[in-house]
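These notes are about the structure you will find just below.
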Amino acid sequence: MSENEIKPVLPGAIERVRWGLDSAVGIVQMDDVRELLAHIDRLTADAASLRERMIELERQRDDYLSREWQAEKAKRKAEAERDTLQKKYDKLTGERFSDRVHAALKSRTEQAEAERDAAVADAERLNWLDQQMAEGCAPAIVNDDDGRWAYCDSGTSPVPEDGGHKEMVAITAFADPAAWRPSIRDAIDAARSEGGV
């Protein structure tokens, strides 16, 4: 083939090669776009999940602050009543009253202090339960028909029913009488104590 015969063929061959390269680049670019869109979808889903988690955490924070505020309010009320009673007591001690009056004032003062301490203790129990729930290891608190309370680290044990109510059967899993407490507060305190808190 002479040089004159080769020249007319070259432009067509070059165009075909160029078209093939452009097509290959287009395919690669479309794959990149699809991957980018998929990545954007994943980021959008992650952002929505994080937003929901933030809303839930804000709700838990507001609940905790509300309970803490109620406990603080009860504490201030008890302290105010104690101060009022103390002032009355101080005034009455300067006068000659019977021992019965002094005993009544002292009893009211001790009662106000006990109510304040109970409110603070309840707030601490709720705070501990909130922390345990947040960590996913809160104890299950159960009670029986006699008004007794107990806790179980892993909840009530699943046992077969034998003609009775399922709840009654589950409660019988506590074979040790010492596991039961007279109040829910005592059951929570036992869980905190045995849990090393």
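Points to keep in mind about this one:
- Full extension of the chain between Ala121 and Ala134 yields a length gain of 2.7 nm, computed as 0.36 nm times the residue separation minus the alpha carbon distance.
- Between Arg100 and Gln86, the distance separating the two model label sites (each 7 Å from Cα on the Cα→Cβ line) works out to 2.8 nm.
No lab work stands behind these numbers, since they all come straight from the coordinates. The structure displayed is predicted, hence computed values, not measured ones. So basically every Cβ, Gly included, is an ideal-geometry build from the backbone, and we count neighbours across all protein chains shown.
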